[in-house]
Structure formats: C-alpha cells, structure tokens
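This report refers to the structure that appears directly beneath it.
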C-alpha cells in the first residue's frame, strides 16, 4: 500500500475521478476534478491549495549544521540569514546534480532541508566530524502550498503575520487560527505563493482553516497535473523528469551539472569553503558547459498544418507530457525536450529542453518530434529563454 | 482645431476597431482610434455599476476570438486570460435538471438519466458539428468573394470556395446545407428526443436574432456559436479574467504597443468627404482631424447613413442599408448579490454555479417566449443564459458577494408603446420573477439590479436597435451579402472610407475576425 498524507481524510473525498498518482511513496491527487483546467486557473487567478507533504524534509541542527549544508550544496549557506530560504541543487564530487530543494534557516543553528529523494545517507556522509543532528521529519511535518494571486489575501484572513513585508524566499513562524505553523514565501508555480509547514497532528485543522478562509477568494484544492502546467510555465526543473540524479545515473550522459540545467546562478562564484563539486564546477564555469536547458515554443502554424494535412483539427495535450522528444536543427538532432504542455495562460505550446549549448541561443529555429495520427512528424519550434511566465506579483 | 498626421482614423473603440487598429499599427501605419465613451470596448466593457461589483455589462463570455489574433497580437501578454466555464445546467419544470458537464463520461451518464438514446446520439452529433465547424472555419478567415464579379480575385475566391465545398464530400455538404437553411428545432429533432436538451441546444440558435427555435435559418446561428468549439483545441472559450472589458483592454494594449493612439471621450460627428474621397472626421466637440483613410467600426446603419451624408452614396446602397435588418431582440439584467442563490433542483454551492444556468426548459417555452416578441411584447417567461462571473473570477465581487449576469431573450426593440422607465422595470421584474421560480431565494440576495433593454443597449453602446451582432446573422445578411451586396469586402463606395465592425463578414461575438479581415483588405493582403 502506498502511504497517505496527513491531509488524506480531507483530500480523498474530493478526488472525483480517483485520479491518484505516486509521489515519494505517497498517493496524492493528480487532480480533484476529472480535468485540471479549473485547478490550474486557480493558480493563476485565485488561490490553489496543494498537498505537498510527500516532500522529503530534514531538520538539521547543531553548531555544525551550517557547515554541513554549506559543504553539501552549491549556494553559500553562510550567507543565509535566519528567516531566509535558499533554493539550491547539490552535487557529487564531479559537479553533477544529485537533487535539488530548499534550505530554510529557522534559527542560528537549525535548518530545514527539503528534497525530492531520500538524502539521509548523503547527509550523514557529509556530516562526518561535525557536531550536527540530522532528523528525518518527513512524516512528522505536513505541508500545504497555497499558490496564486489571492494566496496572500487568504492568509491575511487567518494569520497575524505581516504578509506585506514577508519577502520572496523568506519565512515567518506564526499561527493560522491558533495552529503553530511556519509560512515560507516559496512554491513551485512561479506565481505569488506560500508554503505552510505544520505538525502532522494539526494538518486537518490547518486544511479546514484555509479552506474556510479562502471561500471568498476562490480557494481550490489542486493536484499535480495543475502544478505540472504551472511549473513548466515557470521553467522549473523536476527530478526524474527533466534530469536524473547523479546517484542513480547509469551512464555519464544521464548526469547534468547545474550549468547544464540553467542553474548556474546557484553556483556561488566566489564562494566559501570547500563543497561537493567545487573543483569541477569551477572548471566548467571557466570553460563552457556542453548542454543548455532552455524553453521551446512550438509554432502553432506548423503544428496545425501537420494535423490539417491529415484532415484533423490540432490536438493539444490537456496535461503536461513527460517523455523525451528529440529536437532537431537542420536535420541533425541537437537535443531533446523532457516536459511540455499547452499553456492555458500564454496560449502557446511550450516545452523544456536540453539542447547542445551551441544550438541553444534564444530565437534559434529548431524542430521537435510530435506524433500526429500514428506518424512521427517534425513541428517547427523556436528556442526561448526561461521562464515563459514570470509575473511581477511573484516577488512584489 | 484641425489636426493632421495620421494615416488612418478608426471610428469606435469596440473590439473589432481595436483589432483593425492593432494590425494597421503593426504594419507601420499611424493610426488614431476615436471612442465616444469614456471606456473602450463597445459592447465588450467591464464597468463597476455598483461599488465593489464589476460587470461585463453587455457581452459576457468569449468563445470565438480568433486564435490567430491572440497569437499575432500576443494578447496574453497584454492581459488576455481566459478562465474555464465548463458546464450548463438547465432546471426543468418538474424540479429536476439537465446537466451538461465537461467530462464526457459524466455528461453521458447525466443524459442517460433522461434519454439513453440521446446520450448515444450526443457523441455522433458532436462529431458532425465538428465536421461542420471545420467546413465553415476557412470561410471565417476569408474575404468574401463577390460571386457576380469577374475580377480575378473574386474568381479565385469563388474557386477556392468551390474547391473547399467539393472537398467536404456529399454527406457533409448536405449536412451543411441543411444547417444553413433549417430551423434549429427541426435540425435538432433529427438527432434528439429529450425536449429540454433540444431546447437548451437550440437556444444558441436564437441568440441575438429575431427568430424562434422553429424559425428557418436559426440552425445557422447554432453553428455560428458552435464555431468556438472548433478551436476547442486552442481552448479560447470561457470567461475573461476581469470581464469582457479586459479583452478590449488587452487588444488596446497590443495596439498601443504597436504605436496606435487611442482616445476616449472622442465621439465622431461626421466623416468628411470631398469629391468622393474621405478627408477626415469632425468630432462632436467640433475638432477636425484629417486623414486619407477613415475606418468605421460602427454598424452599417451608422457607417452609411449617419456618419456620411446620403448624397455621397449611391441610392441603391442607401436602400440596401435601410433594409438591413437589426431588430434587437435581447436584453441584459445584471445583479449584485449578497450571497449565492440556491437552485431548487441543485441546492448549495456546487460546481454547477461555476458554469452557465440555462432557462430553457422546453422548445415550447422558447417558442412561446418568441410569440410574445413577435407581437411586440417582451417575453413574460424569457429564455435566459445566467452566469455568476464571481464564481469563476473571485475578483469580480467583494469576498463572499457575487455578480450575476443574465442574458435575456426576447425583448424586442420595437416594443408596443415603446420602451420607458416603467416598461424597463416591468421587464426586469419578469426576468427576476421567472428566475426566482428556479431560485426561490434569489430576490432576498439582490443588492442592486441593472436592467438593459435593446433601447438601452442602443443608447449606451450605439448598436442600432440594440442588435448585439451589429445586424442579424440571417442567411440573407451573411458572407458576400454582409452588410450589402457588392460592398462586403470592407470597402465602401467612398474612396478611403472602410468598414470593420461586426456588421461585416463574419460578424458577431467577440471574434475580432471582421477587424482583422478589414485590416488585411486595407493592407492589400489576401
């Protein structure tokens, strides 16, 4: 049996078409309604409520906590202030990404790390010789992401915290209707949004409080299908979809460096003490990465013409796809797309792709393989810089 | 004061005028848009009629906006954001309801409750309509060729059209011909047995026209509304965030980004013509603006009979425009609500309140509603298409409060004795009383009521006789006959004077195609 999250008693009755999926050994809703359209719309126009409890969560404390994390990840954790959150990948000694997640500094010597995969062993290996306690709090801590332009208005109904001054990637320890919570201004949608961390024992109270307070603001429980559309628009990578962990890759070609994933900005230029991958990443920064991670915009005219040639109206994916699609330039394969969707907001067919760095400049004309009526075809596409969507309200 | 320096002046900041302006500006033309009202959009405007409550005052949903316009003008970047409006619920006289849901399985099961046979017919009907819409789609993007002309472009156009129809094959061509000529009731009778289903579907065949579901020609209007579905793939159907005015603002934003100048509170009194050629416009405030080209986004009556002197036009054109049928037949009631009303057939705040509620319990009900109008009265029990935009876009009303948009038919422009304040309120009462039969607690929730008759629509937007399509979508007023024979290609007999409103092909709905095709004609594109 897959595990259920602490919110399951509330979410389960809402999943009308029994559309569940696996996430880190848990079952979570793909969508609550049969189609994710309204749930997606809530992300961009109201407030969508996601159960993100399956994230792996580690509490790292002690005088060596800062040192451990700084040693492990590419960003400079010594610069992370109390109440700040860092998004960062972490690498192996060759500078290839193992996983990515967030580090929240809860106080001087206490951090919460989130990860897509189990990292306890890796943390322990890196903690050798340090005075640090590492606790896996994944099951003890439940989490909700409240994302969308009205998410702030909803929280203001139920929490005394000052959300007007809570900046992007900062957190506050506060309460929601008397329930102790940590609220961070973070998320996986590229929109204004917050993540709420709560003791699993109070999870249902938290859900009820938010759903009640959000009623006038269009609060909508939303599943992974809607989240996937939003994160592709926001150009955010997903482990096991857009890249593979260096710990699981069977061949070198399956690994990616931060530079090859568009995460060069997370590699501290003048950083800090030694950390995993420093040597390799320094070399790569001064040289040139082999691959680039970019956006593709499929040409509608070209896409439509492929269908019209078979007497059909164009057929667009309703949910995001997560299969590798070859990308060509002048008849030669120059890369592959790993996620794609029709953006309901932008009214464009978009994809995330790995392209050879020499063929990755924005504006480059390429083609992407699509299957039209059982036949492999090439749809025209143009390289775009990421993200596709970056509203002001995300940081404002 | 006299001003010069523009290549073209657009009269009317409705969505078609703005689309034309955007395309012309994109092509490098210096364009000036003149809008009489303080708000842009014509019939696609959002206004705060009651403090805190925003209304799409007239046009309230978007289904037909052309995908190529969305792309060419990059409208999402300028604020186009279409939210899903997925379902329709028809409350029945017996206390039950007929639901039409987005999920095909849920939809089929629902219809099975009423008629298993219809549930099966549904998917085949959907397939046919998709074929029909695909058959008609190329025509929407085509400048209407004149079948009586021997000019090469007209011949080429007719040939293309002929080739297109031949490619449909006999079965689809016959189906298309039936659609073009039959009544929507007869057409739907060939497919369905459950009367409320036929009534609800036929309702889209009467919207904006002075026809009943049993009037021949109404099936075409059905198709016109179905055409939004062809671009179902593009998913441009639904409710615009912030109301339909935000669509107009998005198009205006694109036009401005291309360099167009847009002025509000700038009504045009007259188009200046010298020697059969346009020379500019005179504003209501007396200012003159010179330009070698003037494009009217107004309806044919205003374009040909009001903005220019009759003596500038051939008599037969004047005659034809005078015979052009407007006959506004619909009204609008906008309500500010203190809370959600309950439907007797489906109490509580379910997902059905995020979709449309159709008051169309039977074909007889609709036909009787038409009977009232035929003899000069508003329907005592009208057809209504009800949406609660604040359920889809929480920004339309304060938290916990709601706005309700009620499209009402029939309300004849030529009411016996004429429209006045008393008659308007009586009409509003008929609407609310009828709706309250299905939503008993509606009246107790009403904070504010705005009632718009065809006379009000004409007065506020300028649409002649309050016709929402700038003239009926009747077969004799379509394609190369819209608005009048020989002048269907956006030109007028006055050199430099063009038309781009919904009164030209293909017309009607927030489609933008008339404005786009007019701009293409002006720019000499095919």
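The values are calculated or read from the model by the stated rules, or taken from the named source; none is laboratory data. Only a predicted model underlies this, so the values are computations on that prediction, with no experimental measurement involved. All Cβ positions, glycine included, derive from the backbone under ideal geometry; neighbour counts span all protein chains shown.
Values computed for the structure shown
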{"item": "Residue among A:44, A:71 that is buried (at least 21 other Cβ atoms within 10 Å of the Cβ) and not in a loop (DSSP other than H, G, I, E, B)", "result": "A:44"}
{"item": "Residue among A:11, A:88 that is more than 14 Å from chain B (Cβ to nearest Cβ) and either assigned to a helix (DSSP H, G or I) or more than 20 Å from residue A:119 (Cα to Cα) (or both)", "result": "A:11"}
{"item": "The range B:488-501, subset within 23 Å of residue B:66 (Cβ to Cβ) and touching a strand residue (DSSP E or B) at 6+ places or on another chain (Cβ under 8 Å), residue surrounded by the fewest Cβ atoms within 10 Å (Cβ to Cβ)", "result": "B:491"}
{"item": "Single condition residue B:52 does not satisfy, out of (1) within 14 Å of chain A (Cβ to nearest Cβ); (2) crowded, with 24+ Cβ neighbours inside 10 Å", "result": "(2)"}
{"item": "Looking only at the range B:345-367, and only at residues there that are loosely packed, with under 15 Cβ neighbours inside 10 Å and more than 14 Å from chain A (Cβ to nearest Cβ), the one that is nearest to the chain's Cα centre (by Cα)", "result": "B:364"}
{"item": "Residue match in the range A:306-326 (condition: under 16 Å from residue A:383 (Cα atoms) and in contact with a helix residue (DSSP H, G or I) (Cβ under 9 Å, 6 or more places away or on another chain))", "result": "no"}
{"item": "Per-region count, the range A:136-145, residues closer than 20 Å to residue A:229 by Cα and either in a loop (DSSP other than H, G, I, E, B) or within 14 Å of chain B (Cβ to nearest Cβ) (or both)", "result": "0"}
{"item": "Total residues in the range A:107-125, condition within 16 Å of residue A:70 (Cβ to Cβ) and part of a strand (DSSP E or B)", "result": "4"}
{"item": "Number of the exception - residue A:33 against (1) more than 24 Å from residue A:142 (Cβ to Cβ); (2) within 14 Å of chain B (Cβ to nearest Cβ); (3) more than 21 Å from the chain's Cα centre (by Cα)", "result": "(1)"}
{"item": "Residue within the range B:283-292 that is under 23 Å from the mean Cα position of the chain (by Cα), surrounded by 16 or more Cβ atoms within 10 Å (Cβ to Cβ) and assigned to a loop (DSSP other than H, G, I, E, B) present", "result": "no"}
{"item": "Test: residue in the range A:179-198 that is more than 25 Å from the chain's Cα centre (by Cα) and within 19 Å of residue A:10 (Cβ to Cβ)", "result": "yes"}
{"item": "One residue from B:140, B:80 being under 30 Å from residue B:249 (Cβ atoms) and within 11 Å of chain A (Cβ to nearest Cβ)", "result": "B:80"}
{"item": "Residue satisfying all of: in the range A:282-306; touching a strand residue (DSSP E or B) at 6+ places or on another chain (Cβ under 6 Å) and within 11 Å of another protein chain (Cβ to nearest Cβ); nearest to residue A:91 (Cα to Cα) among these", "result": "A:297"}
{"item": "Any pair with Cβ under 7 angstrom, 6 or more apart, that starts in the range A:255-281 at a residue that is surrounded by fewer than 18 Cβ atoms within 10 Å (Cβ to Cβ) and ends at one that is in a loop (DSSP other than H, G, I, E, B)", "result": "A:272/A:76; A:280/A:94; A:280/A:95"}
{"item": "Condition met for residue B:391 (within 10 Å of chain A (Cβ to nearest Cβ), closer than 12 Å to residue B:356 by Cβ and modelled with pLDDT of 95 or more)", "result": "yes"}
{"item": "Qualifying residue in the range B:370-383 (condition: over 30 Å from residue B:417 (Cα atoms) and either modelled with pLDDT of 95 or more or more than 14 Å from every other protein chain (Cβ to nearest Cβ) (or both))", "result": "no"}
{"item": "Any hit, the range A:163-177, residues being closer than 30 Å to residue B:350 by Cβ, over 23 Å from the mean Cα position of the chain (by Cα) and modelled with pLDDT of 95 or more", "result": "yes"}
{"item": "Any hit, the range B:23-44, residues being crowded, with 19+ Cβ neighbours inside 10 Å, assigned to a helix (DSSP H, G or I) and either modelled with pLDDT under 95 or within 14 Å of chain A (Cβ to nearest Cβ) (or both)", "result": "no"}
{"item": "Residue match in the range B:107-120 (condition: within 14 Å of another protein chain (Cβ to nearest Cβ), touching a residue at least 40 places away in the same chain (Cβ under 8 Å), in contact with a helix residue (DSSP H, G or I) (Cβ under 9 Å, 6 or more places away or on another chain) and not in a loop (DSSP other than H, G, I, E, B))", "result": "no"}
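Yes/no per residue for (1) free of Cβ contacts under 8 Å to residues at least 60 places away in the same chain; (2) under 20 Å from the mean Cα position of the chain (by Cα); (3) closer than 30 Å to residue A:256 by Cα:
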position: A:96; (1), (2), (3): no, yes, yes
position: A:102; (1), (2), (3): no, yes, yes
position: A:115; (1), (2), (3): no, yes, yes
position: A:122; (1), (2), (3): no, no, yes
position: A:126; (1), (2), (3): no, no, yes
position: A:151; (1), (2), (3): no, yes, no
position: A:159; (1), (2), (3): yes, no, no
